[in-house]
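The structure appears right after this line, and notes come after that.
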Amino acid sequence: MRKLFCKSGTGIGLALFSPAALAVQEELLTIIGKAPIYALILFVIVVGVSVYFMRSRDKRRTPLGGILEEREAIHSVGSDTPVTECVRMMAAEKIGALIVMDGERLIGIFTERDALNKVLAAGLDAVSTKVSEVMTKDPYCVAPTTTVGEAMQLVTQRRFRHLPIVQNGKLLAVVSSGDLTHWLVKDQMQEVQELVDLAARS
């Protein structure tokens, strides 16, 4: 019995020191050795995502007036402009809407949706139809003190894609839902990526 126990013990000992077992042990030690690195990477990612959401919440409180310098030129047309010319301008400038002005006064907005629903679907002649006949009259406007979060809520709930920003009757800019989303995420995404890259280099 004692001999059998000794033989089995010797067999287990040899099995523990077999090349396959040694390879498994070495692999386990390697994984355990890298555990702190993986933990650090996970920590950095969690911190980065937390920073992203915190900053996003703070950025939503920014007034639209604070981001106006980043907006492009206002694309506008007169009320007598033919729809074909409006569509050509929108295609050339790669924009989804034109502001319709009567001198310095905003009187309407003409969007891709108006072109589809009020012109094409209605069977109107785009050459002879004036933009004033198919534009959205007196569009909803916001003040520059409106926050980015409030503007996002408006475009989501009311299904607006463009918001004219007006102060004392003067058109300052036009902000789109895409502009708002891009402005909210652009800095945070870069910061999160930098944190991930830093963790990967650790």
Check your understanding: In sequence order, what are the phi-derived ³J(HN,Hα) couplings for the stretch 118-135 according to the Karplus relation 6.51 cos²θ - 1.76 cosθ + 1.60 with θ = phi - 60°, rounded to whole Hz, with x for glycine and proline?
Key -> 9, 10, 5, 5, 7, x, 7, 7, 5, 6, 8, 7, 7, 4, 5, 7, 10, 6
Review point. Counting other C-beta atoms within 10 Å, which of Leu106, Leu120 has the fewest, and how do the rest follow?
Key: Leu120, Leu106
Study note, to complete from the structure: Working note, the stretch 63-152: Cα radius of gyration (Å, one decimal) and Dmax (Å, whole number) are 14.2, 42
Exercise for review: Going by C-beta contacts inside 10 Å, put Cys141, Cys86 in order with the fewest on the left.
Suggested key: Cys141, Cys86
Revision key, fill the gap. When Thr111, Thr129, Thr145 are arranged by how many other beta-carbons sit within 10 Å of their Cβ, fewest first, they go Thr145, Thr129, Thr111
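Laboratory data are not the source of any read-out in this text; all were calculated from the coordinates shown. All figures in this text were calculated on a predicted structure; none of them were measured in a lab. Quick reminder, even Gly has a Cβ in these numbers, built from the backbone with ideal geometry, and neighbours come from all protein chains shown.
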